[in-house]
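Here is the structure we will look at.
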Amino acid sequence: MADALDYARSNTERFREELFDFLRIPSVSARSEHDGDTEKAARWLAERLRAAGLTSEVIETPGHPVVLGEWRDAGPEAPTVLIYGHYDVQPPEPLDLWTSPPFEPTVREGRIYARGSADDKGQLHMHVKALESWLQGAGTLPINVVVVAEGEEEVGSENLAPFVEKYRERLACDAVVISDSAMFDEGLPSLLFSLRGLAYVEVHVRAAKGDLHSGAYGGAVANPAMALARMLATLHDENGRVTIPGFYDQVKEWDADTRSAIAGLPFDEERFRSGVGAPGLTGEAGFSTLERLWIRPTCEVNGLLSGYTGEGAKTVLPAKAMAKVSFRLVPDQDPKRIARLMEDHLRAVKPEGVAVEVVELHGGNPWRADPSGPLFDAAGRALEQAFGATPVLVGEGGSIPIVGDFERILGAPALLVGFALPGCNMHAPDEWFTIDNYDRGIGALVRLYDELGTSLRG
Ligand code: BES
Ligand code: ZN
């Protein structure tokens, strides 16, 4: 392992230059005008895997391709680890809020600013460099490795579960390792015990066949904007609970141990509040901020569209209104069921004179880990050595839809070890990742592969 660590240490600058090349490719999966760039990022990654010493292929799917890398020379006794990440990124807009352009990585005060630096190209690249450090520095790896990198995580991973089903034999593994999340705080390495799931719908409300004069028709013809606002206002009660009948039916209560572990984390509520810049915090009554973020389900409006929003006044009765609404889910809520309950609820509360249509966009299952056992122990040792601090177990409010599918289809447990930091602006302008965590994290992954090689050995 010393050779692998030496290799990583003496190549940090080249690694970073190479990461910048990756970050310069605008692989925005949501935008078809970037399809060429997304494809380019896939090919770039496949090439880097080959240079690291793995075999690699770019496998087409009905959407963006999957990059598959393999190295299987550790022998039949050695465990096989599947490393998952995503090479697609969120759209960078609004562009005017970026201090430096999103696809021109720029270093300021030890941070790499670029779309994808944290989510997830930076973290995926760390695995590629940790693999390279082993194979080029030590000439071997203590584990067999399968790398699966997808280009559709940010748009719901719809084609990945079918891919995993189709290639299940080739993807057979003892554990799945993912770096696409954050540490609880700087210098505090973290392992995830949960991810929330997601159900995403669009709500379309319409009345007249076209926009109308609001004086000539207003009062007699329904206003879809008003109707939609009333419907959305029924989604929560005064305690911050979701009112959709049946919404909480599948929610499993969390054990007292997890809740007291959450309460014991060094969380500074005021720092969190001022970090987001809101005048106050709110949420479901009876739960702490971290519990509201990690172990309780939510319903949020993500976007609203209706009527005239340009300069000045326009007296118009809009013909339609639209809202994007998503639910973060916890075990054992089912995304399809939640979308159906939402539709039933909206039909029940729909005011007179409008028609409502609910379109399901995408979903993902929630995930919860069993942190006892060799996988988490091995990761704990690797992180402790690399960061000089005992790792904490944390939940995560965001979603990585494929994690539950990996466990279900491949029958292997997932380990989520992320290196981004709170406030790193994932999905927002000025996304950043620290050079320090990039370098240290590569060392942690080099050690992690070693620990897994020993503790998962059959
Ligand atoms: N890397 C994130 C998940 C995440 C977010 C981890 C915040 C840790 C902190 C992932 O790329 C992501 O953004 N997922 C989407 C999934 C969705 C588009 C299906 C999410 O959570 O919104
Ligand atoms: Zn993301």
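Structural remarks
- Segment Glu77-Phe267, extension gain: residue separation times 0.36 nm, minus the distance between their alpha carbons: 64.2 nm
- In terms of its C-alpha gyration tensor, region 303-458 comes out oblate, because a/c is 1.5 or above while a/b does not outweigh b/c.
- Rounded, prolate or oblate (a/c below 1.5 giving rounded, otherwise prolate when a/b exceeds b/c) for region 3-110 by Cα gyration tensor: oblate
- 222 nm mean residue ellipticity, helices alone, for the chain (DSSP H n ≥ 4; -39,500 (n - 2.57); rounded to 500): -10000 deg cm²/dmol
- Principal-axis tilt of helix 224-233 within the chain, Cα atoms, nearest 10 degrees: 60
- Dipole in debye (nearest 20) - the chain, about Cα centre, beta carbon charges: Lys, Arg +1; Asp, Glu -1: 840
- Between 0 and 90 degrees, the angle of helix 35-52 with respect to the longest Cα principal axis of the chain falls at about 20 degrees.
- Rounded to the nearest Hz, the phi-derived 3J(HN,Hα) couplings of region 19-26 under the Karplus curve 6.51 cos²θ - 1.76 cosθ + 1.60 (θ = phi - 60°) are 4, 4, 4, 4, 5, 6, 7, x, where x marks glycine and proline.
- Entries in Lys40/Lys252; Lys121/Lys336; Lys252/Lys350; Lys129/Lys324; Lys121/Lys320; Lys314/Lys350 that, when Cα-Cα distance is taken, lie over 32 Å: Lys40/Lys252; Lys129/Lys324; Lys121/Lys320
- Centre-to-centre, using Cα atoms only, region 331-390 and region 233-302 are separated by 14 Å.
- Rounded if a/c under 1.5, otherwise prolate or oblate - region 107-197, Cα gyration tensor axes: oblate
- Label zone at Thr61 (point 7 Å along Cα-to-Cβ), backbone N below 16 Å, region 402-426: 402-410
- Toward the positive end of the charge dipole of region 245-359, with +1 on the Cβ of Lys and Arg and -1 on the Cβ of Asp and Glu, the farthest Cα among Ile338, Val325, Phe287 is that of Val325.
- Extents of region 289-362, taken as max minus min of Cα coordinates on every principal axis and listed largest first, are 47, 28, 20 Å.
Just so you know, all these numbers are worked out from the coordinates, no wet-lab data involved. Predicted model, so just to flag it, every value in this text is computed and none were measured. Glycine gets a Cβ as well: all are built from the backbone with ideal geometry, and neighbour counts include every protein chain shown.
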